[in-house]
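Comments concern the structure below.
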Amino acid sequence: MLRALFLACLVFATASLRSADQPNILLILTDDLGFSDLGCYGSEIETPTLDRLAAGGIRFTQFYNTAKCHSSRVSLLSGRWCRQAGDESLARAVILPEVLQPAGYFTAMSGKWHLSKQPTDFGFQRYFGHLSGACSYYKGDKTFRLNGQPWQVPETGFYTTVAKVDHALGFLNEARAEKKPWFLYLAFNAPHAPLQPLEADYKKYLGRYDSGWDKMRAARLAKQRELGLFPPGTAPAPRPENIPAWESLKPEIRDWEARRMAAYAGMIDRVDQELGRLVADLEAKGELENTLILFFSDNGACPYDRASTGMDAEPFDGVTSWSDSTGWARARNSPFRYYKQNQFEGGIATPAILHWPAGIKAAPGSIVSTPAHLVDVLPTVADICGAQVPESFPGREITPLAGISLKPVLEGGEIKPRPPIHFIFSSDRALRDGDWKLVSFQSEPWELYNLAQDRTELHDVAAQHPDIVARMSAQWHEMTADVLRASPKERAPVAEKAGGHVHREWSIYTGENGAVTSSRGMAGTTARKKSAATGKTLSIRARVGTKLRVEGGELILECSGDDPGLAFDNLGALPSPGPYELSFRVQSRASGGGEVYFTTDAKTKLPAGRHVEFEVVHDGAWHEVKLRLDTTETLHGLRLDPCAGPGSVRLGGLEMRDTTGKVLRAWP
């Protein structure tokens, strides 16, 4: 009631700003799209719709995301850094539909949500899609919703990329019937794994990648030079040690990898085809001229080669599930280094296209090198639409906007020097301030690059400029603590010595039928005991950097400091939905804060999902901890990190209870 009254007041306050010239807003987000994955950014994949929009609009070459799915969505919708906005809860922000609806807009979303609650709880009048972070393209999952209600995925004839545009077109017809300008947020889950293209799209590209990732990358780099995306002389990142030359691979691995890239290409091609349907509808309705189309990706290409099923089967059978490939991720992020989750350019710089014939004054086809970020979208759209961004909102603690309006860029001008652009995901971090970029790989020592001279981050000049490193490091820590309100674990100092830039889920190309990763082997120690509460066998897996043993009813962890913690792979079918209470005793001689991550569906992979932070006293004494897992759904996955640094930790009396106090699970 209070929220409805508040929105009514906003409607009254912004009524005078409405005009027939207000543009429609089409906001498009793809999932795990690499920098060079579109034709207009160097790709051989056929993307005529997006190429046309780029030719008639503007393209950015330094447009940034957060390097991760959910955090990019938070920043895109809220105009704030993810932690600052309250993370998935959005408890410290208002988001785009809540800004545009009072300005007279019909608000709709179709696609992947990946945040708390539902889109209809945050100002979207219409919604179709899945609340989860990933799902089967053919079978969906149980999180599909239509306007706030559960929606049953059809057994046949369903494909997520197509269904999302089908419903988007229906929502636009509803907006037209109400004679309102509209805001449509279209969030594809492609080309995020599992790699499940449509048959025709897959077969279109089958065989095209038999020559391998080295030749594909060389061709993309050459096309990027022809397109003028970078200054002459920009050097591409060299081959990293973890990516072998294509010709050195075994024939069976080359065959498997060529088929994986054909699947990627087919999925990206399908996104473009469906956008072609949408653009054709706008043209037929006479709306394309005054529709601001914004196209982005949530992060760079994904390198995490998790378990694949049916590697010798067809990826379009609805059952087969192929994982990501590190080798192709490197080529897809050309010319940059690194990948999704890393704060190097390969993880955070992705395609960004804006098209608006009635409003963009810059020359059609312009290439913009001005640094920008997803946090700039809300301020830009609000500025263009004459919408008021509220400074208060019922039930939320509103923080200031982090982004700036890019309207001057659309008008052919330049923006004034902006505040530093902040980056963080887990232990990866960075800060962009003018031409300087400070970056750390998984909290290893800071590296410093002058991106005006070294866009591909090949020449670390931290040793030559310790004063700049000190200044920017202090800026990063100050923003992380005061603006983002991040946990002590996330803002801990970087390491003094460098380690190897490796990740346990990157592909290792030594397998008989494709890559092998330590994550496939379920690295770590696993303890299996019967639950005292249920009598069922439950598994506890020590995460990387953790050794686990069970002694006298206690869990004893020896942590190296490299992402320590426990994963609970088999919770079994819990008898009741949440909320839950997780309680335990902890005796620690380690360091850093504690965190719990949890999921409520099989598709969301930890540490995605929700999380709760808690303080840990590392004095060697026993301390009681009780944590509320605030969900109304049934728990599926659980991860407990009782520390963030090296040392030993003992856990006792680890139990999960329901709201009545009944013990549902107990460990060990």
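Nothing in this text is a laboratory measurement; each read-out follows from the coordinates by a stated rule. Everything quoted here is computed from the prediction, not taken from an experiment. Heads up, the Cβs are rebuilt from the backbone with ideal geometry, glycines too, and the neighbour counts pull from every protein chain shown.
Here are the numbers for this structure:
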read-out	value
Anisotropy class of region 332-397 from Cα gyration tensor, a/c 1.5 cut	oblate
Calculated FRET efficiency for the pair residue 547/residue 383, C-beta based, R₀ 45 Å, to 0.05	0.25
Extension gain from residue 589 to residue 573, taking 0.36 nm per residue of separation minus the Cα-Cα distance	2.3 nm
Within the chain, helix-based [θ] at 222 nm, where runs of 4 or more DSSP H residues each add -39,500 (n - 2.57), nearest 500	-7000 deg cm²/dmol
Relative contact order, percent, the chain [alpha-carbon distance under 8 Å, six or more residues apart]	16 percent
Among 647, 130, 189 - extreme Cα towards positive end, dipole of the chain, charges at beta-carbon	647
Spacing of the two label points (7 Å from each Cα toward its C-beta) at residue 632 and residue 241, in nm	5.2 nm
Calculated P(r) tail over 18 Å for region 202-251, as whole % of Cα pairs	46 percent
Cleavage-rule hits (GluC sites (Glu not before Pro)) in region 341-405: DSSP loop, at most 12 neighbouring Cβ within 10 angstrom	391, 397
Förster radius 22 Å - calculated FRET efficiency between residue 363 and residue 226, Cβ distance, rounded to 0.05	0.75
Cα centre as origin, Lys/Arg/Asp/Glu Cβ charges: the chain dipole, Debye	920 debye
Qualifying GluC sites (Glu not before Pro) in region 176-228, DSSP loop, other Cβ atoms within 10 Å at most 15	178
Per DSSP, loop GluC sites (Glu not before Pro) in region 597-668 with at most 12 further Cβ within 10 Å	615
Whole-Å distance, taken between Cα centres, linking region 189-265 and region 325-379	19 Å
Rough spin-label spacing in nm, given labels placed 7 Å along Cα→Cβ, for residue 411 and residue 234	2.8 nm
Förster radius 22 Å - calculated FRET efficiency between residue 218 and residue 498, Cβ distance, rounded to 0.05	0.15
Isotropic mean projected area of the C-alpha convex hull, the chain (nm²)	28.6 nm²
